[in-house]
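The values are calculated or read from the model by the stated rules, or taken from the named source; none is laboratory data. Because the structure is a prediction, the values reported are computed rather than measured. Because the Cβ atoms are built from the backbone with ideal geometry, glycine has one as well, and the counts that use them run over all protein chains shown. Each accessible area value is taken on the protein alone, full model and side chains, heavy atoms only, with ligands, DNA and RNA left out. Shrake-Rupley method; radii C 1.70, N 1.55, O 1.52, S 1.80 Å.
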Amino acid sequence: MSVKIGEISYKERIDKGIDNDFMRQAVSSAQGRFRKGRLSQAEELGNWEDWRQLGSEIRTHTLENIDYYLHQLSEQVEKRGGNVFFAQTAEEANEYIENVVKKKQAKKVVKTKSMVTEEIGLNEALEKSGAEVVESDLGEWILQLDEDPPSHIVTPALHKNRQQIRETFADKRGYDKTDSPEELAAFAREQLRQDFLTADVGITGCNFAIAESGAITLVTNEGNAEMVTSLPDTQITVMGMERLVPTWEDMEVLVSLLTRAAVGQKLTSYITAYTGARLEEEIDGPDDYHLVIVDNGRSKILGTEFQSALHCIRCAACINVCPVYRHVGGHAYNSIYPGPIGAVLTPLLDGYDDHKELPYASSLCAACTEACPVKIPLHEQLIRHREIIVEKEKKSPVSEKIMMKGFAQWASNPAAYKLSTKVARTALKPWTKDEFVENGPGPLKGWTDVRDFPAPGKQSFRAWWSERAKGEKQNGNS
Amino acid sequence: MKVSLFITCVSDIVFADVGKHTVEILERVGCEVDFPAAQTCCGQPAYNSGYLQEAKKSMKQMIKAFKNSEYVVGPSGSCVGMLKEYPHIFKGDPDWEQPAIDLANKSYEITQFLVDVLGVTDLGSTFKGRVTYHPSCHMTRVLGVKDAPQKLLQSVKGIDFVELPVKEDCCGFGGTFSIKNPEISREMVKEKSQHVSETKAEYLVGGDMGCLMNIGGRMRREGKDVKVVHITEILNTHREGGIA
Ligand code: SF4
């Protein structure tokens, strides 16, 4: 897999999402729960806006000094016996990890909590080189069995229901019990335990890497990360270049924001922190430790107007409030990063060619911007993307270009504008019935396909105004 | 107090009544109202579609039109919100940055102007009917006008006001979004229409004609007879028994 997750067209993806009643119901009720949780937790914290401000400042400061902190981080990790590798591209990252796995002659790799490994397509790369990769996170494991991409960044299998999960287990693993959540979970646990115990290499993502100490922290709800980070002898952390914070205190602020913004919890069930390889006197931890820091397009974003997109702490608050996401689902974004942040990030990482519709799949309602705990101006960044698509990439439709040129002339010329307020009603007459247009021409078609359009009034405001002014003059009022 | 009307393009062409109510309300509270005829559109349709150069042409026209105004007041949170973005759009432009800042600083949405500038929360209006209110996204999130419309509505005598469920959700208008992505827009407005029905309100009130045109157009298509009205229409009503 890579950032892009499929080949079907935007239009088909939208239709597929809208037609998927089950998915929409599931998303809608999850959004309702998460949103309520977030709001009540934010309220309990009291000064939510101050916290957001602090979170945003920490992220800004880190990104502005990212060279310094990356250097500090790698020094700390190496001091503790770890190896650090900076990967410019997905290929470089995969190659490095493949080599580690090969050297160990590892047959089984367990993985947890990592979107960046999805982004770089690590599973495929490892499988090609002969290792079996097992996702240890329940949701991700289900998707892996079913060969389905994630649709949400916190609850990746949000689009699947119990029956579907039961079927997947039955097909792929001979499961023969009911679809009760308890039985399903017990089965998954039993299956996964075998993998944990027999894996040679553990790979995890990273919520925050702490520059001052070289520690990697993971925020999880299942605790499987503990297994992945403590059982296998060889340990690899894969992190996006921006996922670091200067200090433990900074991490505390961001974790508070993350857990509250994500699902409305004060804390998640588990925060795992680990540092480098096992030292002489320590009883657990890996013998061999590697930190792979992935750029894959991120440094291109630094220093641009999109820099704040790298603030993202992957909490999914923006996704959980997004009405577009609610109706089309995560797969419609054709990216492992769905929702508003996906619409912003995907074209930055993977270019506009395959994703030029994404920045337009938003009504710019700004609910995402309001929800984001690290203050990324998401809806404004979508407008910036549109500007680039129009002005730099020249990828907007010709008919639209002509229309917008016309708009500029119309709106910068009061006489032309005034004329249009006079003739609009007459111009739409052929399509007007009972003061409404139900089947509009040209650009109105998209509108009237789904709702009626009111006919322009008998008299424009400005016509009324000048009549009124004249009347007042005649009455000697002026 | 001298107030220049900013009658947005949709109100000018499609809903002239909104402009008339705005004039009457402002005059009732003692403002001297004028209408600079050189005004056109705030530029939002082009700006939000990524056509910055085209948008700027209409924005410059607006800056010129209101150059001599003391206050600029309009009946649309979204369009006034657009004026507030001008300084950031013209940042660094030696000819236009300062005029853009001046325009942004003196511009207000009508309910915001009444409540925050004039301190009026009760216009002495009377209205009988069950009313619910849709707070438009740009009015609340971009312009930051949250309480003013509700305060004014709740002071209307005789009104039976009922909250709209999940009112902060977008109605799916989004300007050109409603034309470019009609399928997604349809699902959003269907949901909004459903929420309006749940309130059993006879009137849906809002502060932005774009959104109201969207919700109203959808409800008409669905055969629902909820009346969709701009907030100025309620505030300017002294009749009992509602709007004809
Ligand atoms: S963009 Fe903001 S709200 Fe969305 S996932 Fe990232 S941090 Fe959370």
Estimated distance in nm for a label pair at B:Glu24 and A:Asp354, the labels positioned 7 Å out from Cα along Cα-to-Cβ
5.9 nm
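Packing-wise, with mean Cβ within 10 Å as the measure, how do A:124-130, A:409-415 rank, highest first?
Values: A:124-130: 14.9, A:409-415: 17.9.
Answer by packing, highest mean first, reads A:409-415, A:124-130.
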Would you mind checking which residues have amide H under 5 Å from B:Ser107's amide H? H placed 1.01 Å from N; only 5 or more apart, or other chain.
B:Val72
Taking θ = phi - 60°, what integer Hz values does the Karplus form 6.51 cos²θ - 1.76 cosθ + 1.60 yield along the stretch B:9-19, in sequence order, with x for Gly and Pro?
4, 5, 5, 4, 8, 9, 10, 4, 4, 4, x
Regarding the stretch A:10-301, what are the three Cα extents along the principal axes, ordered largest first, in Å?
52, 51, 41
If each part is reduced to its alpha-carbon centroid, the stretch B:189-234 and the stretch A:273-348 end up apart, in Å, by 40 Å
Students often forget the sequence filter, so: which lysines lie under 24 Å Cα-Cα from A:Lys111 once same-chain residues fewer than 8 apart are removed?
A:Lys4, A:Lys102, A:Lys103, A:Lys128, A:Lys160, A:Lys172
Tell me, in nm to one decimal, what length is gained between A:Arg193 and A:Arg162 on full extension, where the rule is 0.36 nm per residue of separation less the Cα-Cα distance?
9.0 nm
Taking the Cβ of B:Lys227 as the center, what net charge do the other residues with Cβ under 12 Å away carry, scoring Lys and Arg +1 and Asp and Glu -1?
0
Interchain or sequence-distant (5+) residues whose placed amide H lies within less than 5 Å of the amide H of A:Tyr270 are A:Thr220
Just to check I understand the Karplus step: with θ = phi - 60° and J = 6.51 cos²θ - 1.76 cosθ + 1.60, what whole-Hz values come out for the stretch A:33-42, glycine and proline as x?
5, 4, 5, 4, x, 4, 5, 6, 5, 5
Among the residues of the stretch A:376-400, which ones have their accessible area go down by 30 Å² or more when all the protein chains sit together, as opposed to their chain alone (1.4 Å probe)?
A:Ile383, A:Arg384, A:Arg386, A:Glu387, A:Val390, A:Glu391, A:Glu400
Averaged over its residues, how many other protein chain Cβ atoms are within 10 Å of peptide B:137-144's Cβ atoms?
4
Which of B:Ile184, B:Ile101, B:Ile89 ends up with the largest GNM mean-square fluctuation for chain B, with Cα atoms connected below 10 Å?
B:Ile184
Part-to-part distance (alpha-carbon centres) for the stretch A:1-47 and the stretch A:134-212, which is given in Å
19 Å
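How well do other chains shield peptide B:170-177, expressed as the mean number of their Cβ atoms within 10 Å of each residue Cβ? Present the calculation step by step, with values, prior to reporting the outcome.
Numbers: counts 10, 3, 7, 5, 7, 2, 9, 8.
What the average comes to for B:170-177 is 6.
If you take the beta carbon distance between A:Ala185 and B:Lys157 as r and set R0 to 56 Å, what does 1/(1 + (r/R0)^6) give as a FRET efficiency, to the nearest 0.05? Can you show the working numbers first?
On the way: r = 58 Å, r/R0 = 1.04.
Between A:Ala185 and B:Lys157 the formula returns 0.45.
Going by average Cβ neighbours within 10 Å, how do the peptides A:180-189, A:367-376, B:68-77 rank, with the highest at the top? Write out the running numbers ahead of the final one.
Working: A:180-189: 13.8, A:367-376: 24.0, B:68-77: 22.5.
Ranked by mean Cβ neighbours within 10 Å, highest first: A:367-376, B:68-77, A:180-189.
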By the rule of no other cysteine beta carbon under 4.7 Å, the lone cysteines of chain A are A:Cys206, A:Cys312, A:Cys315, A:Cys322, A:Cys372
Going by Cα centres, the stretch A:48-100 and the stretch B:27-98 are how many Å apart?
44 Å
Can you give me the long-range amide H partners of B:Asn181? Hydrogens built in the peptide plane at 1.01 Å from N, cutoff under 5 Å, separation of 5 or more residues or another chain.
none
Using a Förster distance of 56 Å, the FRET efficiency for B:Leu118-A:Tyr270 (Cβ separation, nearest 0.05):
0.50
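Can you give me the relative contact order of the stretch A:10-301 as a percent, contacts being Cα pairs under 8 Å and 6 or more apart? Walk me through the numbers before you get to the answer.
Working: 471 pairs, mean separation 81.6, N = 292.
Relative contact order here is 28 percent.
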Would you mind giving the mean number of other chain beta-carbons within 10 Å of the Cβ of each residue in A:357-364, as a whole number?
6
Please compute the net charge surrounding A:Phe306, taking Lys and Arg as +1 and Asp and Glu as -1 over other residues with Cβ under 10 Å from its Cβ.
+1
Using a 1.4 angstrom probe on heavy atoms only, work out the carbon and sulfur share of the accessible area of the protein assembly as shown in %.
49 percent
Along Cα→Cβ, 7 Å out, is where each label goes; now give me the distance between the ones at A:Val423 and A:Phe22 in nm to one decimal.
5.6 nm
With each pseudo-label sitting 7 Å past Cα toward Cβ, what's the A:Glu127-B:Asp93 distance in nm, one decimal?
5.3 nm
FRET efficiency (A:Glu12, A:Glu393; Cβ distance; R0 22 Å; to 0.05) is 0.45
Hey, can you find the accessible area per residue of the protein assembly as shown for me, probe 1.4 Å, expressed in square angstrom?
40 Å²
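Which peptide among B:166-174, A:27-35, A:394-402 comes first, and what is the full order, when sorted by highest mean count of other Cβ atoms within 10 Å?
Working: B:166-174: 23.4, A:27-35: 17.0, A:394-402: 11.8.
Peptide ranking by packing, descending: B:166-174, A:27-35, A:394-402.
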Just to check I understand the Karplus step: with θ = phi - 60° and J = 6.51 cos²θ - 1.76 cosθ + 1.60, what whole-Hz values come out for the stretch A:363-378, glycine and proline as x?
8, 6, 6, 6, 4, 5, 4, 5, 7, 4, x, 10, 6, 7, x, 4
Could you tell me whether the stretch A:1-89 comes out rounded, prolate or oblate from its Cα gyration tensor? Rule is a ≥ b ≥ c as square roots of the eigenvalues, rounded for a/c under 1.5, then prolate if a/b exceeds b/c, otherwise oblate.
oblate
Given the alpha-carbon gyration tensor of chain B, what are the semi-axes of its equivalent ellipsoid in whole angstrom, ordered largest first, with each equal to the square root of 5 times an eigenvalue?
29, 23, 14
Treating each Cα of the stretch B:110-233 as an identical point scatterer and ignoring solvent, apply the Debye formula and state log10 I(q)/I(0) at q = 0.10, 0.14 Å⁻¹.
-0.30, -0.58
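Computed from the mean reciprocal separation of all distinct C-alpha pairs, what Kirkwood hydrodynamic radius does the protein assembly as shown have, in Å?
Numbers: mean 1/r = 0.0361 Å⁻¹.
That comes to 27.7 Å for the protein assembly as shown.
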Out of A:Ile313, A:Thr346, A:Thr204, whose Cα points farthest toward the positive end of the dipole of chain A (charges: +1 Lys, Arg; -1 Asp, Glu; placed on Cβ)?
A:Thr346
How many Å² of accessible surface get buried when A and B come together, counting both sides, probe radius 1.4 Å, rounded to the nearest 100?
5900 Å²
